[in-house]
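Readers should treat all values here as calculations from the given coordinates under stated rules, not as data from a laboratory. Because the structure is a prediction, the values reported are computed rather than measured. Heads up, the Cβs are rebuilt from the backbone with ideal geometry, glycines too, and the neighbour counts pull from every protein chain shown.
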Amino acid sequence: MKTILLIEPDKLLAQTQQTYLERKDYKVVWRQTAESAVMALDEASVDVVVLELNLAVHNGVEFLYEMRSYSEWQSIPVILHTNVRKGQLAEDALARLNIADYLYKPSTTLAQLVQAIEKILQPALTT
Amino acid sequence: MTALQNDQKSYADLPEARLFAVLAESLKQPFTTIARTAELLVESPDVVLLRNIESTADAATQLLDHYLLSLRLQRAGTELNLEPVSLAASLTEVAHKLEKAAQQYLCDIELHIAGRYEPIMAHSAGLSAALLDLGTVFLETQSQRTHTHRPVLKLAAHRTRHGIVAGIFADVEGLSTDMFRRARQVYGQAATPLNQVTSTTGAGIFVADALLKNMSGGLRVAHHQKLTGLAATFVPSQQLVLV
């Protein structure tokens, strides 16, 4: 069973996402802040990170810099699932931060989120 | 952070649009929650999820309503009809209204109104709306933090030499006068103007600020029994003292 680290500050939305993902046979580790998400990476073997950029205190970009500074976490794919529009990101941000996919949260269905996750995990699923 | 860019060019020359911009940005989250929860419910009914939709929709509608009220109060200007209002009664009413949301966010609500206070001249509906919006944002911020014990939101009033300070107080780390001043400068442009406090736009705080500006000078960072919060200072009604 693959493990998703879901970093989403809104409790109600996160509960919905977690329920849906678990029904699709994923294990979900949910965290609301960048700090607690870094600790979760340390505690669990995570296969993919789903990340909202707008977080309290330390935002998602700071989390990514922290995450990518550790060699053992550099290859973990990250999907941005965020209220931040793509146009608000600096042009090279996705490449610089090694983002696997970008999803604009207000217009992404749960089914589309799962499709994006499956697409990223596909090579691993078929081996 | 160079990865994220503020929409500084979008709204800087439209000051009246800033409050609407922060409100509109803020409403993306509840509508997304409603849509995704409905998507989940199509597969299987769940009373808890239906209640989440109900509470989310109610909170979003309330915020819109209070924003419209702030526009009406602003338009009334010096002709705004103020009336004697009991702060204790207002705080008690708001505490009661916040109970349901507090249960959802696993917080406790406490009232701290030590002593008797004279009525203040205020717009009753505007005052209640502002306190409700503040309380809602603070409940959200508490839910985003790790606590060693169940968090408490205090609706409190205390007397100072400037008047009666009334507001909402909690264990809000990072809230300071400087931070709030900067947030007032960038809301409607920055995605998270109160980023040390909340991941949201904190629209409820700016709507509350707009509501209270018409009767008290607006919100400021204040302290109550070692807790930090946002409050307004009200001058007691001297007319009623003389009667």
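Amide H of B:T228: which non-local residues (sequence gap of 5 or more, or other chain) have their own amide H closer than 5 Å, using H built in the peptide plane?
It is B:A170, B:V172, by chain and number.
Using Cα pairs under 8 angstrom and six or more residues apart, how large is the relative contact order of chain A, in percent? Before the final figure, lay out the partial values.
Working: 186 pairs, mean separation 27.9, N = 127.
The normalised contact order for chain A reaches 22 percent.
Using a 10 Å cut-off on Cβ to Cβ distances, tally the other chain neighbours for every residue of B:40-48 and report the average as a whole number. Could you put the intermediate results ahead of the total?
On the way: counts 7, 1, 0, 4, 2, 0, 2, 0, 2.
Mean partner shielding for this stretch: 2.
Cβ under 12 Å from B:S128's Cβ, B:S128 left aside: what net charge do those residues give with Lys, Arg +1 and Asp, Glu -1?
On the way: positive: B:K97; negative: B:D65, B:E93, B:D133.
My count for the surroundings of B:S128 gives -2.
Quick check on chain B: helices-only [θ] at 222 nm, where DSSP H runs of length 4 and up contribute -39,500 (n - 2.57) each and the sum goes over total residues. Nearest 500, please. List each step's numbers first, then the result.
On the way: 8 runs with 130 residues, N = 243.
Only helices count here, giving -18000 deg cm²/dmol.
Excluding residues fewer than 8 places away in the same chain, name every one of the lysines whose C-alpha is closer than 20 Å to that of B:K154.
Leaving aside lysines fewer than 8 places away in the same chain, those within reach of B:K154 are B:K97, B:K100, B:K226.
Once you charge only the Cβ atoms, +1 for Lys and Arg and -1 for Asp and Glu, what is the size of the charge dipole of region B:120-243 about its Cα centre, to the nearest 20 debye?
The dipole of region B:120-243 has a size of about 280 debye.
Using only the Cα atoms of the protein assembly as shown, what semi-axes does the equivalent ellipsoid have when each is the square root of 5 times a gyration tensor eigenvalue? Give whole Å, largest first. Display every interim value, and only then the final one.
On the way: eigenvalues 325, 86, 70 Å².
Working from the Cα gyration tensor, I get semi-axes of 40, 21, 19 Å.
Would you work out the charge dipole size for region A:51-94 about its Cα centre, treating the Cβ of every Lys and Arg as +1 and the Cβ of every Asp and Glu as -1, and quote it to the nearest 20 debye? Let's see the in-between values first.
On the way: 3 positive and 6 negative charges, 32 e Å.
Around 160 debye, computed over region A:51-94.
I need the helices of chain B that pass two filters: whole DSSP H segments spanning 15 Å or more by Cα along the axis, and mean Kyte-Doolittle score no lower than 0.0. Can you show the working numbers first?
Working: long enough: B:15-43 (45 Å, 0.34); B:47-76 (43 Å, 0.28); B:87-104 (26 Å, -0.11); B:124-143 (29 Å, 0.81); B:203-216 (19 Å, 1.02).
Once both thresholds are applied, what remains is B:15-43, B:47-76, B:124-143, B:203-216.
How well do other chains shield peptide A:83-92, expressed as the mean number of their Cβ atoms within 10 Å of each residue Cβ? Let's see the in-between values first.
On the way: counts 10, 5, 2, 0, 2, 7, 3, 5, 2, 2.
Mean partner-chain Cβ count within 10 Å for A:83-92: 4.
Strictly greater than 25 Å: what percent of every Cα pair in chain B meets that? Spell out each step's value before the answer.
Working: 12804 of 29403 pairs.
Of the Cα pairs, 44 percent sit more than 25 Å apart.
Averaged over peptide B:24-36, how many Cβ atoms belonging to another chain are found within 10 Å of each residue's Cβ?
Working: counts 0, 2, 1, 1, 5, 9, 3, 1, 9, 8, 3, 7, 11.
Mean partner shielding for this stretch: 5.
Expressed as a whole percent, how much of the Cα-Cα distance distribution for chain A exceeds 26 Å? Write out the running numbers ahead of the final one.
Details: 971 of 8001 pairs.
So the pairs more than 26 Å apart make up 12 percent of the total in chain A.
Straight-line reach from A:K27: which lysines have a Cα under 20 Å away, not including same-chain ones fewer than 8 places off?
Straight-distance partners of A:K27: A:K2, A:K11, A:K119.
Please report the spacing between the Cα centers of region B:100-117 and region A:14-68 in Å, no decimals.
So the two Cα centres are separated by 31 Å.
Note down the relative contact order for region B:103-243 as a percent, whole number, built from C-alpha pairs under 8 angstrom at least six residues apart. Numbers along the way, then the final one.
On the way: 237 pairs, mean separation 43.4, N = 141.
Dividing the mean separation by the residue count of region B:103-243 yields 31 percent.
Take chain B, mark every one of the trypsin sites (Lys or Arg not before Pro) that falls in a DSSP loop and has at most 10 other Cβ within 10 Å, then report the longest stretch left between them, sites excluded. Don't skip to the end; give the middle numbers.
Details: sites that count: B:R116, B:R161, B:K226.
Longest site-free region, per DSSP loop and neighbour criteria: B:1-115.
Mind scanning A:K105/B:K213; A:K86/B:K213; A:K24/B:K28 and naming the pairs with a C-alpha gap bigger than 31 Å? Working shown, then result.
Numbers: A:K105/B:K213 34 Å; A:K86/B:K213 35 Å; A:K24/B:K28 26 Å.
In this structure, A:K105/B:K213; A:K86/B:K213 exceed 31 Å between Cα atoms.
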